[in-house]
Amino acid sequence: MHQLTLAEITRGLADKKFSSEELTKTLLARITQLDPQLNSFISLTEELALQQAKAADARRANGESGALLGAPIAHKDLFCTQGIRTSCGSKMLDNFKAPYDATVVAKLAAAGAVTLGKTNMDEFAMGSANESSYYGAVKNPWNLEHVPGGSSGGSAAAVAARLLPAATGTDTGGSIRQPAALTNLTGLKPTYGRVSRWGMIAYASSLDQGGPLARTAEDCAILLQGMAGFDPNDSTSIDEPVPDYSAGLNGSLQGLRIGVPKEYFGAGLDPRIAELIQDSVKALQKLGAVIKEISLPNMQHAIPAYYVIAPAEASSNLSRFDGVRFGYRCEDPKNLIDLYKRSRGEGFGPEVQRRIMVGAYALSAGYYDAYYLKAQKIRRLIKNDFMAAFNEVDIILGPTTPNPAWKLGAKNSDPVAAYLEDVYTITANLAGLPGLSMPAGFVDGLPVGVQLLAPYFQEGRLLNVAHQYQLNTDWHTRTPTGF
């Protein structure tokens, strides 16, 4: 049963080939057996999962149906789940049990999804490797000596290792798409505002967006359907109708205009990945797509702009973790200042401290105009580049990452080298656009992803292209050895 996709599970439950309770018990046993190799889960929620599975089976017995009714998933451990530890991968929140459900959690639970647990992640979603977690690094199931990508690396590793069919993630600068690429999955970052951020612990509020990680575009369509929609609790949520994503998967690609930016193929890209991207272009051409070279001239400024804006917002968002209201509190503080200093110094890991310091500096008097304001102007230029490009093409295609997964610890002494791995993904977050990564081949036995970007609220178009591509390729069907 563990090899079934989410769509196959939906059909199997509808045809009474197995029950949600049977499936849940099978996957919980598999997680217990195999996850010690991967470290992809922070918390398992066996009691809740079996309770939800029994309830889903009862609903089906009463004639109810639904694509997610009885389907097992997991949540990245920054989605608040009532009464269950929500740690954000940090010592700061190691003892925090959320008093309410995030909107995403509540919507998926109402649709009948079964929560198996909370997945490991980079601390406060800050990282590209899933090595900054207080609970230890997550391993890539394709090679246990390599990273799975971050910050949603726990969700990605768990799905790639067939511990469950799909999981939620969040994407601030590529944190769904990059781990999807490095673990041979399909991962989708929706348009900013498409999925509610209420109850999702914030890293950078103007960039964060929740989305699905699964093996296929078809599965991502099912999970996104359950996650998307307007939420009055979230002031950044957009009141835009949610289309039937599954119904749009089978549209023809005949005449689809695909833009390939020339800036994507510079010196930093592994030439073997460039070759695989060209192969995916040819595959889409065979399906009727028309390819056009385009330009995104301000892409070169994306990384410096992002690494001013994101840390600035993080320094503001994380100021609430002060040892007073909730979270980690140091022992025997001498006074209030000592309480603040030691609680934050002991509760936050080095990468989080680094970004808070950078952000506080960028927002400080005398430097705001020089750094933060300038970065926001660059952000607008990047958005303008995309708007101009989408006047010429329907989809933009390129690599998701410049390199395949690197070895654990390889970039720990050089944070900037890790930041450069986000070069192709962060522009979508700066512009608020939807982006998808899908499997495109292997380099040295490690997966490679191809990224698709579309205009606002065109997630359906991305899923349609990815689904048609997956009907004609088999990269997404490959399973890591041992899993």
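Could you list, in sequence order, all residues of the range 1-48 that are within 29 Å of Ser133 (Cβ to Cβ), β-branched (Val, Ile, Thr) and out of contact with any helix residue (DSSP H, G or I) (no Cβ under 6 Å at 6 or more places or on another chain)?
Correct list: Ile9, Thr26, Ile31, Thr32, Ile42, Thr45.
Would you call Gly445 over 21 Å from Val138 (Cβ atoms), at pLDDT 95 or above and of a type outside the set (A, V, I, L, M)? Steps first, answer last, please.
Working: over 21 Å from Val138 (Cβ atoms): no; at pLDDT 95 or above: yes; of a type outside the set (A, V, I, L, M): yes.
Answer is no for this residue.
Which residues, taken from the range 405-431, are over 25 Å from Pro350 (Cα atoms) and more than 16 Å from the chain's Cα centre (by Cα)?
Ala431, the sole residue that qualifies.
Of all residues in the range 209-264, count the ones that are touching a residue at least 40 places away in the same chain (Cβ under 8 Å), assigned to a helix (DSSP H, G or I) and out of contact with any strand residue (DSSP E or B) (no Cβ under 8 Å at 6 or more places or on another chain).
Final tally of qualifying residues: 6.
Give me a count of the residues in the range 336-380 that are within 28 Å of Gly136 (Cβ to Cβ) and not hydrophobic (A, V, I, L, M, F, W, C).
Qualifying residue count for the region: 15.
Out of all the residues in the range 409-434, which are modelled with pLDDT of 95 or more and either of a type in the set (A, V, I, L, M) or outside any helix (DSSP H, G or I) (or both)?
Quick first cut of the range 409-434, residues modelled with pLDDT of 95 or more only: 424-434.
Those that are modelled with pLDDT of 95 or more and either of a type in the set (A, V, I, L, M) or outside any helix (DSSP H, G or I) (or both): Tyr424, Thr425, Ile426, Ala428, Leu430, Ala431, Gly432, Leu433, Pro434.
Could you please let me know if Ala49 is part of a helix (DSSP H, G or I) and of a type in the set (Gly, Ala, Ser)? Step through it out loud before you land on a result.
Numbers: part of a helix (DSSP H, G or I): yes; of a type in the set (Gly, Ala, Ser): yes.
Yes: the conditions hold for Ala49.
Here is a check on your reading of the model: is Gln33 open to solvent by 60 Å² or more (accessible area, probe 1.4 Å) and either closer than 26 Å to Pro148 by Cα or part of a loop (DSSP other than H, G, I, E, B) (or both)? Can you show your working first?
Working: open to solvent by 60 Å² or more (accessible area, probe 1.4 Å): yes; either closer than 26 Å to Pro148 by Cα or part of a loop (DSSP other than H, G, I, E, B) (or both): yes.
For Gln33, the condition - open to solvent by 60 Å² or more (accessible area, probe 1.4 Å) and either closer than 26 Å to Pro148 by Cα or part of a loop (DSSP other than H, G, I, E, B) (or both) - is met.
What's the number of the condition Glu421 fails, among (1) open to solvent by 10 Å² or more (accessible area, probe 1.4 Å); (2) touching a residue at least 60 places away in the same chain (Cβ under 8 Å)?
Result: Glu421 passes all but (1).
Please go through the range 211-250 and pick out each residue that is surrounded by fewer than 23 Cβ atoms within 10 Å (Cβ to Cβ), farther than 17 Å from Val104 by Cβ and among the hydroxyl-bearing types (Ser, Thr, Tyr).
Ser246 - this is the single residue of the range 211-250 that is surrounded by fewer than 23 Cβ atoms within 10 Å (Cβ to Cβ), farther than 17 Å from Val104 by Cβ and among the hydroxyl-bearing types (Ser, Thr, Tyr).
Mind listing just one residue for me: the one in the range 442-475 that is among the polar types (S, T, N, Q) and in a loop (DSSP other than H, G, I, E, B) and, of those, farthest from Ser175 (Cα to Cα)? Explain how you work it out, then say what you get.
Let us first name the residues in the range 442-475 that are among the polar types (S, T, N, Q), namely 451, 458, 464, 468, 470, 472-473.
Then drop every residue that is not in a loop (DSSP other than H, G, I, E, B), which leaves 458, 472-473.
Details: Gln458: 20, Asn472: 27, Thr473: 25 Å.
The qualifying residue farthest from Ser175 (Cα to Cα) is Asn472.
So which residues in the range 94-105 are touching a residue at least 40 places away in the same chain (Cβ under 8 Å) and either crowded, with 24+ Cβ neighbours inside 10 Å or not in a loop (DSSP other than H, G, I, E, B) (or both)?
Within the range 94-105, the first condition is being touching a residue at least 40 places away in the same chain (Cβ under 8 Å), and the residues that meet it are 94-96, 98, 100-105.
Hits for the range 94-105 are Ala102, Thr103, Val104, Val105.
Say we look at the range 17-30 and pick out the residues that are in a helix (DSSP H, G or I) and open to solvent by 20 Å² or more (accessible area, probe 1.4 Å); which of these is nearest to Asn140 (Cα to Cα)? Before you say what the answer is, go through the steps one by one.
At the first step, the residues of the range 17-30 found to be in a helix (DSSP H, G or I) are 20-30.
Narrowing the set further to residues that are open to solvent by 20 Å² or more (accessible area, probe 1.4 Å) leaves 21-22, 25-26, 29-30.
Details: Glu21: 28, Glu22: 28, Lys25: 24, Thr26: 22, Ala29: 20, Arg30: 17 Å.
Result: Arg30.
One line per residue, one yes/no per condition, for (1) closer than 27 Å to Ser175 by Cα; (2) open to solvent by 60 Å² or more (accessible area, probe 1.4 Å); (3) modelled with pLDDT under 95:
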position: Ala49; (1), (2), (3): yes, no, no
position: Gln52; (1), (2), (3): no, no, no
position: Arg59; (1), (2), (3): no, yes, no
position: Ala71; (1), (2), (3): yes, no, no
position: Lys76; (1), (2), (3): yes, no, no
position: Cys80; (1), (2), (3): yes, no, no
position: Met92; (1), (2), (3): yes, no, no
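Quick test for you: out of Phe326, Phe265, pick the one residue that is closer than 19 Å to Ala389 by Cα, modelled with pLDDT under 95 and not β-branched (Val, Ile, Thr). Give the steps one after another, and end with the answer.
On the way: Phe326 fails: closer than 19 Å to Ala389 by Cα.
From the options Phe326, Phe265, the qualifying one is Phe265.
Restricting to the range 381-409, name every residue that is of a type in the set (A, V, I, L, M) and either at positive phi or touching a residue at least 24 places away in the same chain (Cβ under 8 Å) (or both). Don't jump to the end; show me each part of the working.
Here is the first cut: in the range 381-409, the ones of a type in the set (A, V, I, L, M) are 381-382, 387-389, 393, 395-397, 405, 408.
Across the range 381-409, the qualifying residues are Leu381, Ile382, Ala389, Val393, Ile395, Ile396, Leu397, Ala405, Leu408.
This table checks each residue for (1) touching a helix residue (DSSP H, G or I) at 6+ places or on another chain (Cβ under 6 Å); (2) part of a helix (DSSP H, G or I); (3) under 23 Å from Tyr419 (Cβ atoms).
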position	(1), (2), (3)
Asn298	yes, yes, yes
Tyr306	yes, yes, yes
Lys334	no, no, no
Glu351	no, yes, yes
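Could you please let me know if Leu256 is aliphatic (A, V, I, L, M), over 30 Å from Asn317 (Cβ atoms) and in contact with a Phe, Trp or Tyr (Cβ under 9 Å, 6 or more places away or on another chain)?
Numbers: aliphatic (A, V, I, L, M): yes; over 30 Å from Asn317 (Cβ atoms): yes; in contact with a Phe, Trp or Tyr (Cβ under 9 Å, 6 or more places away or on another chain): no.
The answer is no for Leu256.
Among the residues of the range 283-296, how many are open to solvent by less than 30 Å² (accessible area, probe 1.4 Å) and either free of Cβ contacts under 8 Å to residues at least 24 places away in the same chain or not in a helix (DSSP H, G or I) (or both)?
Residues flagged as open to solvent by less than 30 Å² (accessible area, probe 1.4 Å) and either free of Cβ contacts under 8 Å to residues at least 24 places away in the same chain or not in a helix (DSSP H, G or I) (or both) within the range 283-296 amount to 4.
Among the residues of the range 159-170, is there at least one that is in a loop (DSSP other than H, G, I, E, B) and closer than 27 Å to Ala428 by Cα?
yes
The values are calculated or read from the model by the stated rules, or taken from the named source; none is laboratory data. All figures in this text were calculated on a predicted structure; none of them were measured in a lab. Note that each Cβ is placed from the backbone with ideal geometry, even for glycine, and that neighbours are counted across all protein chains shown. With ligands, DNA and RNA removed, areas are computed over all heavy atoms of the protein, side chains included. Shrake-Rupley method; radii C 1.70, N 1.55, O 1.52, S 1.80 Å.
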